[in-house]
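The values are calculated or read from the model by the stated rules, or taken from the named source; none is laboratory data. In this text the structure is predicted, and so the values were computed from the model without any measurement. Note that each Cβ is placed from the backbone with ideal geometry, even for glycine, and that neighbours are counted across all protein chains shown.
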Amino acid sequence: MADLATKEVSRLGGSITFAAASAGGDRIPLNTGKEFFLLRNDDDNAVVVTEHITKTVDGKSVTNPTVSIAAGATVPIGPFPRDIYGDYVDLTYAAVTDLFVAVLQLTPA
């Protein structure tokens, strides 16, 4: 699991640097509930991304949501409320070929 740095963005713009998705998954290490993943799938095939929920309901695990990212698509996933996802957020991927990820947080200009 690779810890990803969060890039602050605002309405004034800024550049986004993507990292190659890690085969073991990627993590927002300090979830404040304002971050989101931006995933870019440059592969010719869709890829399924799984969001891992660490909290339980009545002591039982919750089904982890999945998102399918079409070939050639760039998709935001998040934000992740702390009361559901906890202090960190993990994503895992069905495949990582030509899949790129960034963690962004929207801040006031």
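What about ASP26, is it surrounded by 12 or more Cβ atoms within 10 Å (Cβ to Cβ), more than 20 Å from VAL9 (Cβ to Cβ), acidic (Asp, Glu) and at pLDDT 95 or above? Here the answer is no, as ASP26 does not meet what is asked.
Within segment 1-13, being modelled with pLDDT under 95, surrounded by 12 or more Cβ atoms within 10 Å (Cβ to Cβ) and part of a loop (DSSP other than H, G, I, E, B) holds for one residue alone: MET1. Within segment 47-104, the set of residues being among the charged types (D, E, K, R), within 21 Å of SER22 (Cβ to Cβ) and surrounded by 13 or more Cβ atoms within 10 Å (Cβ to Cβ) comprises GLU51, ASP90, ASP98. Close Cβ contacts (under 7 Å, 6 or more residues apart or on different chains) running from residues in segment 1-26 that are touching a residue at least 60 places away in the same chain (Cβ under 8 Å) to residues that are among the small types (Gly, Ala, Ser) and exposed (fewer than 14 other Cβ atoms within 10 Å of the Cβ) comprise MET1/GLY24; LEU4/ALA19; SER10/ALA109; ARG11/ALA109; LEU12/ALA109.
Residues that are hydroxyl-bearing (Ser, Thr, Tyr) and out of contact with any strand residue (DSSP E or B) (no Cβ under 7 Å at 6 or more places or on another chain) occur at least once in segment 57-68. When segment 45-79 is filtered for residues that are within 17 Å of LYS34 (Cα to Cα), in a loop (DSSP other than H, G, I, E, B) and in contact with a Lys or Arg (Cβ under 9 Å, 6 or more places away or on another chain), the ones remaining, listed by number, are GLY78, PRO79. In segment 80-109, the qualifying residues are those that are in contact with a Lys or Arg (Cβ under 8 Å, 6 or more places away or on another chain) and small (Gly, Ala, Ser), and the one that is nearest to LEU30 (Cα to Cα) is GLY86. Identify the residue in segment 53-77 that is modelled with pLDDT under 95, within 30 Å of PRO108 (Cβ to Cβ) and not charged (D, E, K, R) and, among all such residues, is nearest to the chain's Cα centre (by Cα). Looking at the filtered set, the residue picked out is ILE53.
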